[in-house]
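> The structure's right below; bear with me while I get my questions together.
The values are calculated or read from the model by the stated rules, or taken from the named source; none is laboratory data. None of the values given here were measured: they were computed from a predicted structure. Glycine gets a Cβ as well: all are built from the backbone with ideal geometry, and neighbour counts include every protein chain shown.
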Amino acid sequence: MRPEPATENTIGMNSASSKMSRARPLLRQFLIGFALITLLNIIIAIVITYLMHVGRSFLQNLVISMCIGWISDILIDGSRLILWGPKRPPLLPFIGLWIVGIPIAQKSGNALASKIIGVPTERIDAVRSENAVAFIVLTILVCFFISFLFWSRMKLQKLMAEAEAEKSRAAAIERQAMQAQLQLLQAQIEPHMLFNTLANLQGMIAMDPSRAQHMLDQLILYLRATLSSSRADVTTLAHEFSLLEAYLGLMSVRMGARLSYSLQLPDALRQRQVPPMLLQPLIENALKHGLESKIDGGHIEVVARMAGDALTLTVTDTGLGLDPLVPAPKAPGSGVGLANVRERLQALYGERATFSLIPNTPAGVIAQLTIPS
Amino acid sequence: MNASNLRALVAEDEPILAYALVQALNRLWPDLQIGAVVDNGVAAVQEALAQRPDILFFDIKMPGKTGLEAAHELAEEWPEDSPFPLIVFVTAYDQYALEAFEQAAVDYVLKPVNDARLLKTVERLQARLGQDKERGDELERVLGQLRTLMPAPPAATERLSMIRAAVGNQIRLIPVNEVLYFEATDKYVNVVTAESESLIRTSLKELTPQLDPNQFWQIHRGTLVNVSCIHAATRDESGKLSVKLRNRPESLPVSRVFAHLFRQM
């Protein structure tokens, strides 16, 4: 009973805080704009008083400038933020807003200023019409300046948002890669395999020290290859096959006469580049679900060859096969390795790569990968 | 204790490990005869029943049958007239098994096997074999442990309400409530109702979690019976338990492992 109100609470808090976090940057934007306009108003008053020598005094000009400037800012920028929020406003309605906003601001700004400084609005208008050309030029300059400020700020915001998105995308990709690498490591150095191999080594040291030495060499080769290739992006087929050879070598010591294997890698394909650890899960799968639980054991054959333009890698076993009674993806521990192979092929090559599992005759499974050049 | 009569059987699929274990046992317990070394679960059951050794060293992960399955089968099939062997499980790394064994206190040895640890097991075995009166209880003890080791009824994924069985080229739908019992055959499960028998291509292991454990009881390695269809459980002169059904003439054997289900209240 209890968790539900708690959940509602959190949701409520979330939406409230998200409203706040949306309102806060809007207010900030508005205040920055207001400060800029105030600065601009002062400059305009200085220009009118000391460059154009218009009006009675700087103070009066400043009041008029402030009234018109602030009202236009509140009208235009306020409407913009209310109508379109922090997003870039559509151009035509925005220009419309200016065309409507500027005369209103001019009229009401004049009225407000005349109240404050005690000069009738007609006087202000008269002074302005005496210097019509200068005022038109000034207005146009001010409009250009504000537009420039506004657009450059929008542009900057957009660039910053893009940079942020790019950064989080890169972080996500990196995280995925790390996860895949961890999974690979965990899949390869499975404790059961390691301890059984060590137990075999222990037994063999007393029985046949030179064979034990050889087995230890293979374990070292296997561990080193596993660790280094799960870090690399690409490897060569020759390297992959040496890893498979070490792995199958260890397994055949363990399984004795129950496991035989052969590897076929044409010389022409030795330096061919492939993603690491694509074949390893297939062999592990063949052993785990095909041969290890079969009383008589069987044979594994790994073949690399070119079929037209595509590289074909085949792992064939004579194990228990795709038994419909025990569907492979449901059996414990399987599925992960094969799903991983499938996902990686899809990510690297899309539809151009294929992966298939078909029954072998008379028994076992044929797993086949094709990789485009 | 007449030590020279004690015999052991080793079941281990990896030849070097089997050899090393036999060597270590010879070293630590020279009087123990290793009667046979087998490399799979099926042979382990056959040889154990044929030779009736005193001690079994069973690997957990073996082809054919796991060590646990083999022990289960032996507990069901073991003849009354000889004492049940002491079982030691040998395992490399198996979190589930370790936890289960520690709870059930079956002795187990971890691979790689270390002489000091194996010596402890040997001493424990010797102590237990020395006490003749305890040997008669061994089967009861193992049965109790096997019951605790049996996978608990798994979390109900989805309960089946209909069984789809292929009969010729049609699919027959059988309501689960009408099933009297399921019987495992080699690769199929025989679904028996009052009127019909049909085969489905699945294993009892896969079927069990999909059935209501209160409706279907396992009474044997290969039999799940609908409780509401049981008429009575009877014990014959040799002490073997079986159940009679309401709507079928046949009676189904109940194995020792599940005999506790039919104790009177």
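> Look through the range B:1-42, keep the residues that are surrounded by 17 or more Cβ atoms within 10 Å (Cβ to Cβ) and in a loop (DSSP other than H, G, I, E, B), and return whichever of them is farthest from the other protein chains (Cβ to nearest Cβ).
The qualifying residue farthest from the other protein chains (Cβ to nearest Cβ) is B:Leu6.
> Could you count how many residues in the range A:55-76 are part of a loop (DSSP other than H, G, I, E, B) and surrounded by fewer than 16 Cβ atoms within 10 Å (Cβ to Cβ)? Show your work before the answer.
Taking the range A:55-76 first, the residues part of a loop (DSSP other than H, G, I, E, B) are A:55-57.
Still in the list and also surrounded by fewer than 16 Cβ atoms within 10 Å (Cβ to Cβ): A:56-57.
Qualifying residue count, the range A:55-76: 2.
> Within the range B:229-256, take every residue that is touching a residue at least 60 places away in the same chain (Cβ under 8 Å) and surrounded by 15 or more Cβ atoms within 10 Å (Cβ to Cβ) and give me the one that is nearest to B:Ser196 (Cα to Cα).
Among residues in the range B:229-256 that are touching a residue at least 60 places away in the same chain (Cβ under 8 Å) and surrounded by 15 or more Cβ atoms within 10 Å (Cβ to Cβ), the one nearest to B:Ser196 (Cα to Cα) is B:Arg248.
> Could I ask something else about it? Test A:Ala111 against the criterion of being modelled with pLDDT of 80 or more, closer than 29 Å to A:Ala45 by Cα and surrounded by 15 or more Cβ atoms within 10 Å (Cβ to Cβ), and give yes or no.
Values: modelled with pLDDT of 80 or more: yes; closer than 29 Å to A:Ala45 by Cα: yes; surrounded by 15 or more Cβ atoms within 10 Å (Cβ to Cβ): no.
Criteria not met by A:Ala111.
> Under the condition of being out of contact with any strand residue (DSSP E or B) (no Cβ under 7 Å at 6 or more places or on another chain) and at pLDDT 90 or above, which residue from the range B:110-125 is farthest from the other protein chains (Cβ to nearest Cβ)?
Per the criteria, the residue is B:Glu123.
> Just give me the residues in the range B:172-228 being within 13 Å of chain A (Cβ to nearest Cβ), free of Cβ contacts under 8 Å to residues at least 24 places away in the same chain and either assigned to a strand (DSSP E or B) or closer than 17 Å to B:Lys244 by Cβ (or both), in sequence order.
B:Val189
> Against the condition free of Cβ contacts under 8 Å to residues at least 40 places away in the same chain, surrounded by 15 or more Cβ atoms within 10 Å (Cβ to Cβ) and not acidic (Asp, Glu), how does A:Leu36 come out, does it pass?
Numbers: free of Cβ contacts under 8 Å to residues at least 40 places away in the same chain: no; surrounded by 15 or more Cβ atoms within 10 Å (Cβ to Cβ): yes; not acidic (Asp, Glu): yes.
Spelling it out, it is not the case that A:Leu36 is free of Cβ contacts under 8 Å to residues at least 40 places away in the same chain, surrounded by 15 or more Cβ atoms within 10 Å (Cβ to Cβ) and not acidic (Asp, Glu).
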